[in-house]
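Here's the structure we're looking at; comments come further down.
The values are calculated or read from the model by the stated rules, or taken from the named source; none is laboratory data. For clarity, every value in this text was computed on a predicted model and none was experimentally measured. Every residue, glycine among them, receives a Cβ derived from its backbone with ideal geometry; neighbour counts consider all protein chains shown. The accessibility values were calculated without ligands, DNA or RNA, using every heavy atom of the protein model including side chains. Shrake-Rupley method; radii C 1.70, N 1.55, O 1.52, S 1.80 Å.
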Amino acid sequence: MDKLANFTRHYPRSGEVKYWKKKGFSVDATPRIPTFDLTWQERDIVKSIENEICKVQNQGYKGIIIGGLTNVMVYAWYIAQSYGLDVLHTRGRSTGSGYKIITHTRLLDASTLYLGYINKN
């Protein structure tokens with residue numbers, strides 16, 4: 001069975017583990033995605049994720065599992081930048097009266113990213 005690292009923010013539920021096992025994968029339940037707070041800059045986030053992915057690769061994992069609506073965000077990021085648009089990410093919290101944005105960041109241009117990007121810039 002190929003090993004998959006958990007790049008979500010939660011421990012997989014038993015149904016998720018069974019799903020991947022049926023697909024021929026062994027899932028490490030420990031969430032590997034680093035914890036970021038509002039002070040992290042986008043470059044720091046990319047470097048942290050790249051470092052964790054390097055660890056995963058060196059430990060013999062064949063892939064990572066990402067969760068949530070990540071695919072939608074990735075596609076929107078890539079397509080919008082292809083049309084020359086900036087892509088912003090908001091960070092916020094739920095409040096008694098709804099959702100409050102605390103801060104936002106501009107995502108890095110997808111076309112500028114490559115392995116070792118942060119270490120070379």
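Cross-link candidates for Lys23: which aspartates and glutamates have Cα within less than 13 Å, leaving aside residues fewer than 8 places away along the same chain?
Asp2
Order of 17-29, 42-54 by packing, highest average Cβ count within 10 Å first? Walk me through the numbers on the way to the answer.
Working: 17-29: 13.2, 42-54: 14.7.
So the order, starting with the most tightly packed, is 42-54, 17-29.
Rounded to the nearest 10 Å², what accessible area does Arg32 show when all protein chains are kept and the probe is 1.4 Å?
Result for Arg32: roughly 30 Å² accessible.
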